[in-house]
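These notes concern the structure reproduced below.
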Amino acid sequence: MEKGESRNTSFKIIVFTSPTSVKEEIKKLTQLLEAGVDHIHIRKPEWNKSQIENLIRNIDNRFYPKLRLHDFFDLAEKYNLGGVQLNQRNPNPPDYKMSLSSSLHSIAELDLVNKRYNNDYFDYVTLSPIFHSISKKGYTSKFNLDYLNLKNYSIPVIALGGIKPTDFKLLHEKGFSGAGLLGYIWEGSFEEKMKNLREALLQKV
């Protein structure tokens, strides 16, 4: 049995790259992928195309189906990656057929997307910030989880913003289809965060 296999795989665990360079980043991304995360979102808004491409080329290509880009969508086709995430910088899907996700920041946006599309169009959408952001100081939550229930939405919704592995169970109970990690992973001790994440990946949410 591979690492992470025992958990409820319908609840996706996604890691977003640090927006800036990270020491031994390829090694750390590989550890995350080997631990069993479902997707790595490559989100580096200040990087140019050659920097993003160099990052991709240094990751083992057996993991390419798990990589999703936020910029330079043509690289997703070139390297046969797992998909692209539409966002404020890049709101339009590429011309070629590609797995899509999208960044949302309010229930109103989610309601509109859920009404207009179905999960045949988007694999999932991210909704943020669910909790106060760890990586973006002052980026505070707009949601009250006491009144939030996503079980009636047809589109899978991934929680993002201030998420920690200890939140996975609550988020699953609220109807989220997964959780995205950013600041939790890249701030502080990576080894300690990996230990906690591996333990969470081996649990059934």
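The values are calculated or read from the model by the stated rules, or taken from the named source; none is laboratory data. This one's a predicted model, so the numbers in the text were calculated from it and none came from an experiment. So basically every Cβ, Gly included, is an ideal-geometry build from the backbone, and we count neighbours across all protein chains shown. Accessible surface is based on the protein model in full, side chains and every heavy atom, while ligands, DNA and RNA are left aside. Shrake-Rupley method; radii C 1.70, N 1.55, O 1.52, S 1.80 Å.
Annotations
- Taken together, the residues in the range 158-173 that are assigned to a loop (DSSP other than H, G, I, E, B) and either among the acidic types (Asp, Glu) or farther than 20 Å from residue 123 by Cα (or both) amount to 3.
- Flag for residue 23 being open to solvent by less than 80 Å² (accessible area, probe 1.4 Å), part of a loop (DSSP other than H, G, I, E, B), among the charged types (D, E, K, R) and without any contact (Cβ under 8 Å) to a residue 60 or more places away in the chain: no
- Which numbered condition residue 110 fails, given (1) within 13 Å of residue 158 (Cα to Cα); (2) without any contact (Cβ under 8 Å) to a residue 12 or more places away in the chain: (2)
- Given (1) surrounded by 15 or more Cβ atoms within 10 Å (Cβ to Cβ); (2) of a type outside the set (S, T, N, Q); (3) assigned to a helix (DSSP H, G or I), number of the condition residue 176 does not satisfy: (3)
- The residues on offer are 150, 160, 110, and the sole one that is in contact with a strand residue (DSSP E or B) (Cβ under 6 Å, 6 or more places away or on another chain) and either at pLDDT below 95 or of a type in the set (Phe, Trp, Tyr) (or both) is 150.
- Residue 203 falls short on exactly one of the conditions (1) touching a strand residue (DSSP E or B) at 6+ places or on another chain (Cβ under 9 Å); (2) within 23 Å of residue 30 (Cα to Cα), and that condition is (1).
- Matching residues, the range 160-205, being among the β-branched types (Val, Ile, Thr) and either in contact (Cβ under 8 Å) with a residue 40 or more places away in the chain or in contact with a Cys (Cβ under 6 Å, 6 or more places away or on another chain) (or both): 185, 205
- Apart from one condition, residue 155 fits all of (1) assigned to a loop (DSSP other than H, G, I, E, B); (2) open to solvent by 70 Å² or more (accessible area, probe 1.4 Å); (3) within 26 Å of residue 173 (Cβ to Cβ); the exception is (2).
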